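Working notes, beginning with the structure itself.
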Amino acid sequence: MDAINKEPEALEAAFQAKVDAEQRIEPKDWMPEKYRQTLIRQMSQHAHSEVVGMLPEGNWLTRAPSLKRKAILMAKIQDEGGHGLYLYSAAETLGISRDEMFEQLHSGKAKYSTIFNYPTLSWADIGAIGWLVDGAAIVNQIALCRCSYGPYARAMIRICKEESFHQRQGYEIMMTMAQGTKEQREMAQDALNRWWWPTLMMFGPHDRESAHSGQSMKWKIKRQSNDDLRQKFIDATVPQAEFLGLRIPDDKLKWNEERGHYDFGEIDWEEFRSVVNGNGLCNRERLQARVDAHDGGRWVREAALAHAAKKEARKVEAA
Amino acid sequence: MDAINKEPEALEAAFQAKVDAEQRIEPKDWMPEKYRQTLIRQMSQHAHSEVVGMLPEGNWLTRAPSLKRKAILMAKIQDEGGHGLYLYSAAETLGISRDEMFEQLHSGKAKYSTIFNYPTLSWADIGAIGWLVDGAAIVNQIALCRCSYGPYARAMIRICKEESFHQRQGYEIMMTMAQGTKEQREMAQDALNRWWWPTLMMFGPHDRESAHSGQSMKWKIKRQSNDDLRQKFIDATVPQAEFLGLRIPDDKLKWNEERGHYDFGEIDWEEFRSVVNGNGLCNRERLQARVDAHDGGRWVREAALAHAAKKEARKVEAA
Amino acid sequence: MTDQKMHFDYLLRLGDNSLILGQRLAEWCGHAPMLEEDLALTNIGLDLLGQARMLLAYAGEVEGKGRDEDRLAFHRDTMAWRNLLLLEQPNGDFAHTMARQLFFDAFQYQQFAGLCSSSDERLAGIAAKSLKEITYHRRHSTDWVIRLGDGTEESHERMQRAVDSLWGYVPEMFDMDAVDDAMVAAGIGVDVAALRGEWDRYIDEVFAEATLSRPEDSWSVRGSREGKHSEHLGYLLAEMQFLPRAYPDAKW
Amino acid sequence: MTDQKMHFDYLLRLGDNSLILGQRLAEWCGHAPMLEEDLALTNIGLDLLGQARMLLAYAGEVEGKGRDEDRLAFHRDTMAWRNLLLLEQPNGDFAHTMARQLFFDAFQYQQFAGLCSSSDERLAGIAAKSLKEITYHRRHSTDWVIRLGDGTEESHERMQRAVDSLWGYVPEMFDMDAVDDAMVAAGIGVDVAALRGEWDRYIDEVFAEATLSRPEDSWSVRGSREGKHSEHLGYLLAEMQFLPRAYPDAKW
């Protein structure tokens, strides 16, 4: 028996002490298996979300209404692919390969953010995704910049910088449309109507119903509760909507002087579960697009490997 | 030795006498092998042209500018498919199957009218095809209504009626555009510029260079010479263009009082040969579209046969 | 919503269904698995287009804002379309096209049979005229689903896959909303929710003869009555509407 | 044609090449064979889009009719486009996309190298800036054509097929017409006909390393300099131009 098996409790205590002291856990450090598994699940889901998230925005890339907007959107989607790459790499430090993660995505075992199961139906949706979806992502991600796992925390820091840029670009699209023609204002309002509630759901279930939250908080994988993050997002976003002259689709939304926060209506978790379980308009399309890209690209990846092997063999032969 | 081999010259003389007497040759009648082969070549080429001809017009079916125009175009393309069917059936009476004819088309052995290797680039092209290409086809086909081979002549009579309807519809599109906005007039003129010369080439080479014409005329497979038919088309079409206020792209075009016909410029046969030989913008696309439809539809045709066989077997079993 | 607005919306839904499916069928033109099917698909497409023209022209009159069939067809963006999600789905292979067609034909047959006794006489007239066509459409798609289902191994697999992948678009056809309720109450419209039983019986019979398994009801999507479409519709419209959008002053 | 009109036309050709190829690459977004290629293809697409914006904006100024980059990109119909036929061809599989890219990258590299010493200083500046990007593009497509050509049996076959099927679009790149002649005479443009030899040498080397056969020159098509395009461009434009066409009064 080696040291690890001899003293699991001591190791776990030392691990927790390190986490409590706000020190980063690095790939070579000992860590509880459940910590590793939780991180793999969360980080791969995060990576998958970046990659699947390219699709709803990519849906408007060929139809962007100006060359400048097309360039900005293209750069943004490229950033998202890059975020996916960092995150897959960071997850790989936990002993899982990118191929394994893809397999889990394609088999349905791993999830991606369910927000991407909604369709992008007008150009305003590109604005709404940047403003709301990226806005919500940032709130989540800022908290994760202090995550106990070093590679994840560092990836988050890098990602946060770019995301805040994306969020401003999204808001700018909304602004332009909210100040535009009647049809543009309608599109902007319609986009807000459709994206508002799904965005709030991105923060996950209420704390009282969030099963794993306690342990994740203790391990500092999670630094703030779902409800706190959601409130933070709402408080930041309501004034932005007011500035745009758009109406948030929630009759219960009201500033609560006492709490110093906005009160808001109840989230329809039935709808959330329904979309997670396959009833989003795009669940099938999104997954199929990824599977098709992966399967359809197999011959290319095989060719690249085969060519590299041939080159290597020639080098050896020549030596 | 049977009767046929005993007296080939007598048979041939009787055949020619029948042709000369303007009697129709029917499938069961004796006919010279070369007569049969010439007809198969010509009729299958004609059938293939109807079917390939669906593609350039189909290219605008999803983009027709009004629902009425869409309906008219759809009905027209359907007619063309129908013409293809009559002609394949008529050719089958000569002892070749539709599958064999398709094979010859797909392998490049059989041709289709090279006019369909030009692209349709604007809605005016749909007008121009109806007006000019169908117009030229009618001139050819009216002559063929008196073709010596009965099934072909009867198919032509049926087809001619519909084609003249198509030609009027095409002319009507040109008329609407020629009387329309500046851009529409430009599109109409541009379409005429691009389709004029290729249409004239549809009548085939000059009589002096037409190798097989003599025999075909004698057999009354062909009733008028290429140049005569071409002149007939030009004489009919020039006043129509004038009425539209469009300019035919031929500086040499001029009424010749003495001849009672229009004089016209020299056809660029080099271009004709070039397009026949593969340098049309759409040679590859047209053939590939047909091959893809045929190959991609194989499983459907096989399923239909398999199902029919199963049904038949069940019937037999039940009996 | 006023009665007039609801009447307009109701006619729009009917017209949009026919137009969008007709447009999809037009994409097959010249690419069908056999020449006879090129003719059949354009034939059905033409029928649907004809229905759409009658229904949209009438809808425009009911609306009373001067929009004719072309204005409605070529100058509405995604959110203003009311066709069922099923009908805007891409053609896929021939099995997909036939599954989509069967599901809709069987539905539309019952819906239009009901509309024949609409208190809106003009609508009843359109329905009566169309019902003959739809009877043929349903025969055609039924035959093909049976042939492909009970054909070869490959065709059976393709047909089953097509049925499975479109099954979640079925429930939306039988949804009722305020507009439907109002139209039923006024004697104009049909209670589509009540049609599901018969539709199921018809489809189950076809499936049985086609040796196909009825898919489980594991997922479903909806939204077209409020203009919430799939991402496919935008591309279809961009193509279909190009000319009238690009040349707004032109007449064709 | 006036000098000014020819200058405009020349810049338009350059800008349209970059824009249409960039648009085609945008279609790959989210669908590339590996994530790294999603990044690479959007990267190249972005470069091309950047070139297009500079060139079209400049073209609009030279024309002097108040058309900016967006007016030129979104309000011209097929016949007014001047991009090479090669660039509007559909993406096909990854081998097709890479063959198209290699053929154009190798050409554009030489063309823009020449334009760096254009007497039109603004054009020379754009060319110099772009040349760095194009050097990378050419490296990227060269690497892939070699990898796929000298990879597996399947990739070799696909790569050869792609090269064969696009070969007839190559000669058009090296065509010269009156506009080209005038621009060369004015010291503004490049004599592209003179570039063919070097292009052939480069491509032959790539083919050799990729174990690909150089196709025979059996067919070729041309026409883009006069706005005669393939049928593919119309669909690309319908999609690309939808929003500005549908909402002509809107700013985005």
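Read-outs: derived from the displayed coordinates by stated rules, not from any lab. On a predicted model such as this, the values are computed, not experimentally measured, just so you know. Virtual Cβ from ideal backbone geometry, glycine too; neighbours counted across all protein chains shown.
For a straight C-alpha distance cut-off of 18 angstrom, the lysines reachable from residue B:218 (same-chain residues fewer than eight places away being disregarded) are B:18, B:34.
With label points defined 7 Å past Cα in the direction of Cβ, position residue A:266 shows copy-to-copy spacings of 8.9 nm, given to one decimal and shortest first.
Once amide H atoms are placed 1.01 Å from N in the peptide plane, what residues at a sequence separation of 5 or more from residue B:148, or on another chain, have their amide H within under 5 Å of its amide H? Distant-sequence amide H within range of residue B:148: B:221. Which whole-number percentage describes the relative contact order of region A:130-188, with Cα contacts under 8 Å and a sequence gap of 6 or more? Reported as a whole number, the value is 37 percent.
Pick from B:209, B:80, B:22: which is most flexible by mean-square fluctuation in a GNM of chain B where alpha carbon atoms under 10 Å apart are linked? Comparing B:209, B:80, B:22 in a Gaussian network model of chain B, the most mobile one is B:209. Taking Cα atoms only, the orientation of helix D:35-63 departs from the longest principal axis of chain D by about 30 degrees. Estimated from helices alone, the mean residue ellipticity of chain A at 222 nm is -21000 deg cm²/dmol (sum of -39500 (n - 2.57) over DSSP H runs with n ≥ 4, per residue).
Chain D residue nearest the axis that carries D onto C, by Cβ, with distance in whole Å, is D:245, 2.
Quote the relative contact order of chain C in percent (integer), defining contacts as alpha-carbon pairs under 8 Å separated by 6+ residues. Contact order relative to length: 24 percent. Students often forget the sequence filter, so: which aspartates and glutamates lie under 13 Å Cα-Cα from residue B:220 once same-chain residues fewer than 8 apart are removed? Here the aspartates and glutamates satisfying the reach criterion relative to residue B:220 are B:20, B:22.
Calculated from DSSP H runs of 4 or more alone, at -39500 (n - 2.57) each and per residue, what is the 222 nm mean residue ellipticity of chain C, nearest 500? Please report the intermediate quantities before stating the final value.
Values: 12 runs with 168 residues, N = 252.
It comes out at -21500 deg cm²/dmol, rounded to the nearest 500.
A straight Cα-to-Cα reach below 19 Å connects residue D:251 with the lysines A:68, A:70, A:182, residues fewer than 8 places away in its own chain not being considered.
Label points for residue C:4 are taken 7 Å from Cα along Cα→Cβ. From this copy to the others they lie 5.3 nm apart, shortest first.
In percent, rounded to a whole number, the relative contact order of chain B is 18, using alpha-carbon pairs under 8 Å and six or more apart.
Comparing region B:6-268 with the 2.2 N^0.38 Å rule of thumb, its C-alpha radius of gyration ratio is 1.07 (two decimals).
Region A:239-305 and region B:34-66 have Cα centres spaced 50 Å apart.
Taking the protein assembly as shown on its own, what percent of its Cα-Cα pair distances exceed 41 Å? Please list the in-between numbers first.
Values: 337540 of 651511 pairs.
Percentage above 41 Å: 52.
For the options B:13, B:90, B:241, a Gaussian network treatment of chain B with springs between C-alpha atoms closer than 10 Å singles out B:13 as fluctuating the most. For region A:109-116, backbone phi angles converted through the Karplus equation (6.51, -1.76, 1.60; θ = phi - 60°) give residue-by-residue couplings of 5, 8, 9, 10, 4, 6, 4, 7 Hz, Gly and Pro being listed as x. Distances between copies of residue D:194, taken at a point 7 Å out from Cα along the Cα→Cβ vector and listed shortest first: 8.4 nm.
Which of the trypsin sites (Lys or Arg not before Pro) across region B:1-60 are loop residues per DSSP, with 14 or fewer other Cβ within 10 Å?
On the way: sites: B:6, B:18, B:24, B:28, B:34, B:36, B:41; in loops: B:24, B:28.
Here the sparse-neighbourhood loop sites are B:28.
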